[in-house]
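The values are calculated or read from the model by the stated rules, or taken from the named source; none is laboratory data. Quantities reported herein were computed from a predicted structural model and do not represent experimental measurements. As a convention, Cβ positions derive from the backbone with ideal geometry for all residues, glycine included, and neighbour counts pool all protein chains shown. The protein model used for the area step is the full one, side chains on, heavy atoms only, and it has no ligands, DNA or RNA in it. Shrake-Rupley method; radii C 1.70, N 1.55, O 1.52, S 1.80 Å.
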Amino acid sequence: MSEPCERALVTGGCGFVGSHLCEQLLDAGTVVVALDNFATSTPDNVARLLARPGFDLIQHDVTEPLPTMGFFDVVFHLASAASPPDYLRLPIETLRAGSLGTANALDSAERHRARFVLASTSEVYGDPGVHPQPEHYWGHVNPVGPRSVYDEAKRYAEAFTMAFRRERGANTGIARIFNTYGPRMRTDDGRMVPTFIAQALADAPLTIAGTGEQTRSLCYVEDTVRGLLALASTDHPGPVNIGNPHEISVRGLAEEIRAATGSRSIVTYVDSAIDDPKRRCPDISLARRELGWWPLIGRKEGLRRTIDWFAGRTAESAEESVR
């Protein structure tokens, strides 16, 4: 698929990444149907899209057979809990989204002969033994640990997607998304960027799990969405890493956010999560070569935009509480 898509289905369209994807698709002139059950998202994320021509929001659980929604030429499957507190709170639902949800989304794409793009995750690599992580690395995942409900759901979704491609000739692509951040993240979603920002803005202690020496690679959401769109515009099967190859320690990130907010917060340490990866950094050679994609927004600028958004939300909440 080399031409811009005319009509797209986005499962999980009201989520953090999904809502930004819907917005960029609309900006490109694509008619968008967003499907979401609001288990870990909110329709507020797409509130300003509701008045735009070509956007439709349907409340539906992707693990149930999909309703009749008309023709699509691309299906983006993003529906899933994505943060540790969410998938640990919703373990069965997370596994079903990766299995039944993927099956339903694939069936829909097949009916319309549409391009199917699976939003997988860097978590398929587990606690990696190879660094940085290339797509041909099979991973080091605990299949029965607490995190397995998310890790294995995505690994299964990848296997299901490839089975459709091999056995039915489906036009599929798999994106392995690394840590993504930006506006519209929930303050309580448990991931480090919104957690540190919320704590810093409140001058509360910045809580680091473990030693803080573990590393992550952060990609601004606008870049991540560009990567998904780049994959959708090709016939490449993936998997392809979508992430920022610039690595930072968790402690280093906390200190950057504290400095950027002018916070008086102190740093405190709590027990590390079970099976928490020690290093996480993508090899994006394949994305550069096959998709012509790489991240454009640096961490300093991305954090500034994200902090500004969170600060604005905090100010709005304070005004509402006074009324």
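Things worth noting here:
- The number of residues in region 231-263 that are open to solvent by 40 Å² or more (accessible area, probe 1.4 Å) and either small (G, A, S) or closer than 25 Å to T207 by Cα (or both) comes to 11.
- Odd one out for D235 among (1) touching a residue at least 12 places away in the same chain (Cβ under 8 Å); (2) within 25 Å of P183 (Cβ to Cβ): (2)
- Some residue of region 198-205 being under 14 Å from the mean Cα position of the chain (by Cα) and surrounded by 21 or more Cβ atoms within 10 Å (Cβ to Cβ): no
Each row is one residue, and each column tells you yes or no for (1) among the β-branched types (V, I, T); (2) farther than 27 Å from L49 by Cβ; (3) modelled with pLDDT of 95 or more.
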{"site": "R184", "(1), (2), (3)": "no, no, yes"}
{"site": "V193", "(1), (2), (3)": "yes, no, yes"}
{"site": "A200", "(1), (2), (3)": "no, yes, yes"}
{"site": "A230", "(1), (2), (3)": "no, no, yes"}
{"site": "S233", "(1), (2), (3)": "no, no, yes"}
{"site": "G238", "(1), (2), (3)": "no, yes, yes"}
{"site": "V270", "(1), (2), (3)": "yes, yes, no"}
{"site": "A273", "(1), (2), (3)": "no, yes, no"}
{"site": "I284", "(1), (2), (3)": "yes, yes, yes"}
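- Filtering R216, R313, R289, R305 for residues that are among the basic types (K, R), modelled with pLDDT under 95 and out of contact with any helix residue (DSSP H, G or I) (no Cβ under 8 Å at 6 or more places or on another chain) leaves a single hit, R313.
- Matching strands (runs of 3 or more DSSP E) fully within region 226-323 where at least 1 residues are under 19 Å from the mean Cα position of the chain (by Cα) and within 30 Å of A159 (Cβ to Cβ): 240-242, 247-249
- The single condition from (1) on the phi < 0 side of the Ramachandran plot; (2) open to solvent by less than 40 Å² (accessible area, probe 1.4 Å); (3) of a type outside the set (V, I, T) that D308 fails is (2).
- The lone exception for D189 - which of (1) touching a residue at least 40 places away in the same chain (Cβ under 8 Å); (2) open to solvent by 20 Å² or more (accessible area, probe 1.4 Å); (3) charged (D, E, K, R) it fails: (2)
- Residue match in region 144-151 (condition: of a type in the set (A, V, I, L, M, F, W, C), surrounded by fewer than 24 Cβ atoms within 10 Å (Cβ to Cβ), at pLDDT 95 or above and closer than 21 Å to V32 by Cα): no
- Checked against (1) touching a Lys or Arg at 6+ places or on another chain (Cβ under 7 Å); (2) of a type outside the set (S, T, N, Q); (3) farther than 23 Å from D188 by Cβ, G29 passes all but a single condition, namely (1).
- Among the residues of region 264-284, the ones that are closer than 30 Å to P146 by Cα and either open to solvent by less than 20 Å² (accessible area, probe 1.4 Å) or small (G, A, S) (or both) come to 7 in all.
- Test: residue in region 167-179 that is within 28 Å of P43 (Cβ to Cβ), of a type in the set (S, T, Y) and touching a residue at least 40 places away in the same chain (Cβ under 8 Å): no
- Taken over region 117-153, the criterion of being assigned to a loop (DSSP other than H, G, I, E, B) and hydrophobic (A, V, I, L, M, F, W, C) is satisfied by V130, W138, V141, V144.
- Residue list for region 290-312, filter: charged (D, E, K, R) and more than 18 Å from E247 (Cβ to Cβ): E290, R304, R305, D308
- From R111, R165, R155, residue being open to solvent by 60 Å² or more (accessible area, probe 1.4 Å), more than 16 Å from the chain's Cα centre (by Cα) and modelled with pLDDT of 95 or more: R165
- So E213, is it in contact with a strand residue (DSSP E or B) (Cβ under 7 Å, 6 or more places away or on another chain), open to solvent by 10 Å² or more (accessible area, probe 1.4 Å) and acidic (D, E): yes
- Within region 131-152, being within 20 Å of the chain's Cα centre (by Cα) and closer than 24 Å to I248 by Cβ holds for P132, Q133, P134, E135, G139, V141, R147, Y150, D151.
- Considering only residues in region 206-225 that are assigned to a strand (DSSP E or B) and of a type in the set (V, I, T), the one that is nearest to the chain's Cα centre (by Cα) turns out to be T215.
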